């Protein structure tokens, strides 16, 4: 029997990206056909209403009513997950924008999660990335609506901006076409998205994108083990943001750069990594065990991991070549034998 091409293509999508893509499509179908938007979406105002109802039940109702209202409020916490799969465009007159949001989320998420991307096909680590960033997004959206403004915040749009920002930081020198028209480097994609969302959706779109970028930046701070804001300063952690031609030839930079044109020339067009771009955040062991995956599939590193190894290597090299660095234990950097061995002749003999 011939293979089902559609099913095979779906199964070839990395698991986290596949879940979000299919779940978003199903959520959109449910909203447009069954009107289940209130059952899927939550924000500060819906949560506030639920807690007011719970408070009134506790104050004025009997035990049975209190138990029922409290239990239902707790059950509604599932909306923190389902609200992340509801695109903002599904509530607009033009539902086409919802499909575009799903497509862009699939594209950038797939590039991050798949082999050759930032997470190189590591399911637990990418799932941990989504969990952390999703938590940041929900907290930031609740804070914004509760303290700053009552503009509606769509967590799906925030997560799309977060994933896009993370991808752009990993592929700064990639050439892309913004909206298929304006050629820019991926480094400037978040700024382009801010402008586009402001034009299409107004201030609400600008807020969603800004929250997503901030949450993605906080993840990179945790990944690199650096302080937010401080790591943006020039010279922070003893590093300058000025890049030389040698930086463009280091192993591990974006494969989109044509290094042959950089040799001996000006590399002003090359964008190097900032201190908070470095490192790799590994998922906790309990998540690996829960998923039944071996924990040795990745290594946790920070922005300073390479520096520590380099310091140890330089120290060892100095001891190896410094004749005055011997010790009194008889240990030699040249092997198990003594660092100096005489010929056995008497002095003056």
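The values are calculated or read from the model by the stated rules, or taken from the named source; none is laboratory data. This structure is a prediction, so every number in the text was calculated from the model and none was measured. Here the Cβ is made from the backbone with ideal geometry for all residues, glycine too, and neighbour counts use every protein chain on show.
Details
- Yes/no for residue 160 being buried (at least 16 other Cβ atoms within 10 Å of the Cβ), touching a residue at least 40 places away in the same chain (Cβ under 8 Å), within 28 Å of residue 41 (Cβ to Cβ) and not assigned by TED's automatic domain parsing to the domain that holds residue 276: yes
- Qualifying residue in the range 71-87 (condition: in contact with a helix residue (DSSP H, G or I) (Cβ under 7 Å, 6 or more places away or on another chain), exposed (fewer than 14 other Cβ atoms within 10 Å of the Cβ) and in a helix (DSSP H, G or I)): no
To keep it simple, each residue is scored yes or no on (1) assigned to a helix (DSSP H, G or I); (2) in contact with a helix residue (DSSP H, G or I) (Cβ under 6 Å, 6 or more places away or on another chain); (3) surrounded by 21 or more Cβ atoms within 10 Å (Cβ to Cβ).
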site	(1), (2), (3)
105	yes, yes, yes
110	yes, yes, no
120	no, no, no
125	yes, no, yes
131	yes, no, no
135	yes, no, no
140	yes, yes, no
146	yes, yes, no
150	no, no, no
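- Test: residue in the range 193-207 that is within 15 Å of the chain's Cα centre (by Cα) and modelled with pLDDT of 95 or more: no
- For the range 52-70, residues that are exposed (fewer than 11 other Cβ atoms within 10 Å of the Cβ) and either within 26 Å of residue 150 (Cα to Cα) or not assigned by TED's automatic domain parsing to the domain that holds residue 154 (or both) total 1.
- Qualifying residue in the range 121-134 (condition: assigned by TED's automatic domain parsing to the domain that holds residue 198 and under 20 Å from residue 205 (Cβ atoms)): yes
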